[in-house]
1. Being of a type in the set (A, V, I, L, M, F, W, C), out of contact with any Pro (no Cβ under 6 Å at 6 or more places or on another chain) and assigned to a loop (DSSP other than H, G, I, E, B) is the requirement here; does residue 338 meet it?
2. Looking at (1) touching a helix residue (DSSP H, G or I) at 6+ places or on another chain (Cβ under 9 Å); (2) closer than 20 Å to residue 341 by Cα, which is the only condition residue 277 fails?
3. Among the residues of segment 217-234, count how many are surrounded by fewer than 24 Cβ atoms within 10 Å (Cβ to Cβ) and either in contact with a Gly (Cβ under 9 Å, 6 or more places away or on another chain) or without any contact (Cβ under 8 Å) to a residue 12 or more places away in the chain (or both).
4. From the set of residues in segment 53-67 that are of a type in the set (D, E, K, R) and surrounded by fewer than 24 Cβ atoms within 10 Å (Cβ to Cβ), which is farthest from residue 135 (Cα to Cα)?
5. Report the residue count in segment 158-187 for those that are within 25 Å of residue 39 (Cβ to Cβ), touching a residue at least 60 places away in the same chain (Cβ under 8 Å), in contact with a Lys or Arg (Cβ under 7 Å, 6 or more places away or on another chain) and not basic (Lys, Arg).
6. Considering (1) in a helix (DSSP H, G or I); (2) modelled with pLDDT under 95; (3) charged (D, E, K, R), say which one residue 240 fails and leave the rest.
7. Condition check: farther than 20 Å from residue 216 by Cβ, of a type outside the set (A, V, I, L, M) and within 19 Å of the chain's Cα centre (by Cα). Does residue 270 satisfy that?
8. Counting residues that are over 30 Å from residue 5 (Cβ atoms), which helices (runs of 4 or more DSSP H) fully inside segment 101-195 reach at least 3?
Amino acid sequence: MSFQFIKEVISPEDLVKAYPLPTRDVLRKQERDQQIKDVITGASDKFLVIIGPCSADNEDAVCDYISRLAKVQEKVEDKVILIPRIYTNKPRTTGEGYKGIVHQPDPEKEPDLQEGLIAMRKMHLRAIAETGLTAADEMLYPENWPYVEDILSYVAVGARSVEDQQHRLTISGMDVPAGMKNPTSGDFSVMLNSVVAAQAKHTFLYRTWEVNTSGNELAHTILRGAVNKHGQSLPNYHYEDLILLASMYQERDLKNPSVIVDANHANSNKKYKEQTRIVKEVLHSRRSSNDISKLVKGVMVESYIKGGSQKVSDHIYGKSITDPCLGWEDSEKLIYTIADSI
């Protein structure tokens, strides 16, 4: 047979039991969840900034980074909610390369999914305990949701997953905001179809169970740019793109129309320093249009301690081993700029 079954990994129930979320942090998460939900529903006019490394490759560096975010959060809390990116799964276009800490707790060693699941949960728990900030992660593998459902405050579905039915249906059973990215084609209709599916009730097969979901009214869109048939990046964060999305939302019966603008990926053509300019343009568009102001609830920024990216073997502390990220100094300035502009 083509599958080689290596070992049965720890169950979600056993992992949560072994590494529980302390009561203090349960209460922190409940408070954070409500604050973030209020932004998506329009009950709060605060602005979401989902910010952090492209991939959470090193627990110490990631928690160091988030501790820095926590200090900034205290200074901007009246206007901005910072949601750290702790992305423990990394989608790979060709299937090659580092796939995230869930696959490889040590990027230079062979995959170990059992240890990866433990490392993923321990990193999230440590970040909450040390900073009080609950995080965002990408829902690359829908079946992994039970391992983190009690610790995540935000979920993103990537451009290559957003058309997949299992992702859409799984999101419909979540109770935290879930951003559905536009596909790599850039088709807004596909992205909005995924939101329609995620907000609806469903019955489907999940982890050997027949399940019912109630629908996730907090599902919304993320603009991350597109790629044309020649492999060229096409941004979709401009004023005209946001106006178009606002009008397409109005044509559909969707709850809580919202969009997050991803300042990296195809929007920046992975030129990570462009993220600052892109965010500033989005903020200008919000000031120029009431419709855009109501629709755009936040931005997503790839940021780490050191700017740029490196090879796995370079061992530079706090520097991305996947996509290049904005460095800390520029990131901190950007957060203050955002707060001053809201």
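The values are calculated or read from the model by the stated rules, or taken from the named source; none is laboratory data. Bear in mind that the values here come from a model prediction, so they are computed numbers and not experimental data. A quick note on method: Cβ atoms are made from the backbone with ideal geometry, for glycine too, and the neighbour counts reach across all protein chains shown.
1. no
2. (1)
3. 9
4. 60
5. Here the count works out to 3.
6. With (1) in a helix (DSSP H, G or I); (2) modelled with pLDDT under 95; (3) charged (D, E, K, R) applied to residue 240, the lone miss is (2).
7. The answer is yes for residue 270.
8. By residue number, 113-131.
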